[in-house]
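Quick notes on the structure that follows.
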């Protein structure tokens with residue numbers, strides 16, 4: 001988070017010095033985007049607040065934490081494959097889950113399949129690429145997500 | 001319509017929390033506390049992340065990148081398709097029609113698949129969000145692993161399609 005503030009401030013300063021008008025436009029765009037996503041964002045926070053009231057932290061850690069092992073990863077991969085959620089919602093959600101003790105690996109399983117496997121976008125994709133290519137592409141995507149998940153687990157010391 | 005439902009949920013939630021406060025209803029208070037916790041931690045990150053995205057949209061010149069996409073010779077072709085994909089605004093939905101038009105313009109299958117795959121994985125606004133909430137280390141590892149895999153599998157997919165003589169849909173889109 002410290003880096004985020006540093007990067008944003010430096011970019012803002014450079015942008016202001018280079019072109020004041022463009023910077024104003026950038027601020028307007030970001031405010032616009034923020035307001036547009038706000039309702040969905042609040043809804044996500046509300047749902048998580050309610051769900052996490054009924055599901056104690058220990059249960060989350062047990063099934064999605066480091067020690068959950070394969071179970072948590074399979075859960076993450078399945079959730080990400082079936083559901084559809086914009087990154088603007090998914091990553092903050094990942095941040096909350098991380099605080100609750102979910103492992104990086106299982107969050108990666110969720111967010112990466114979410115990005116790569118288009119279960120919900122399948123009907124759209126097949127209109128452009130045809131069924132065969134769409135299936136192939138999504139299956140390959142799933143395996144890429146599995147590899148990414150394992151590598152994340154390795155680097156964060158969550159496997160072995 | 002969908003937005004209306006969201007607004008109703010939000011209002012209902014705040015009414016529920018308000019009455020929980022009035023009658024001291026414990027579950028309601030705890031849920032409200034959860035919500036406040038999350039909202040505060042989000043507020044610390046969101047404005048900065050969205051500012052970066054705004055700056056990105058204003059300063060990145062997509063036309064230059066699109067112009068370069070034409071010369072898809074060798075490694076450079078993959079480089080430009082990833083760069084083009086990273087500047088995609090919106091979801092993967094946007095990438096499919098673009099991919100199809102690239103196909104009609106005669107781009108190689110492997111560069112097209114690299115583009116679509118990368119559009120799902122490295123869109124910069126989304127990646128900024130990821131790094132803000134999950135950390136830079138997470139993002140770097142993910143990009144470092146997935147990008148080479150996208151290129152390799154795209155080349156493989158191209159070979160497979162040529163071998164099996166499968167092609168994109170013929171109809172005009």
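Laid out as a table, the results:
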read-out: Residue match in the stretch B:132-150 (condition: in contact with a helix residue (DSSP H, G or I) (Cβ under 8 Å, 6 or more places away or on another chain) and at pLDDT below 90); value: no
read-out: Residue match in the stretch B:101-121 (condition: within 16 Å of the chain's Cα centre (by Cα), closer than 21 Å to residue A:95 by Cβ, modelled with pLDDT of 90 or more and surrounded by 15 or more Cβ atoms within 10 Å (Cβ to Cβ)); value: yes
read-out: Of the criteria (1) in a helix (DSSP H, G or I); (2) away from chain A (no Cβ under 11 Å), which one residue B:47 fails; value: (2)
read-out: Residues within the stretch A:116-160 that are closer than 26 Å to residue A:66 by Cα and outside any helix (DSSP H, G or I), tallied; value: 6
read-out: The stretch A:113-136 residues that are within 7 Å of another protein chain (Cβ to nearest Cβ), paired with ones that are outside any helix (DSSP H, G or I) and buried (at least 23 other Cβ atoms within 10 Å of the Cβ) (beta carbon under 7 Å, 6 or more apart); value: A:125/A:118
read-out: Of all residues in the stretch B:146-165 being within 17 Å of the chain's Cα centre (by Cα) and crowded, with 22+ Cβ neighbours inside 10 Å, the one that is nearest to residue A:7 (Cα to Cα); value: B:146
read-out: Test for residue B:31: is it closer than 25 Å to residue A:56 by Cβ and loosely packed, with under 12 Cβ neighbours inside 10 Å; value: no
read-out: Residue check, residue B:38 over 30 Å from residue B:148 (Cβ atoms) and either away from chain A (no Cβ under 14 Å) or surrounded by fewer than 17 Cβ atoms within 10 Å (Cβ to Cβ) (or both); value: no
read-out: Complete set of residues in the stretch A:139-160 that are within 30 Å of residue B:104 (Cα to Cα) and surrounded by fewer than 19 Cβ atoms within 10 Å (Cβ to Cβ); value: A:139, A:142, A:143
read-out: Spans of helices (runs of 4 or more DSSP H) in the stretch B:80-173 with at least 2 residues closer than 18 Å to residue A:139 by Cα; value: B:92-104, B:109-121, B:136-164
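The values are calculated or read from the model by the stated rules, or taken from the named source; none is laboratory data. All of these numbers come straight from a predicted model, not from anything done at the bench. Please note: Cβ atoms are built from the backbone with ideal geometry, for glycine as well, and neighbour counts cover all protein chains shown.
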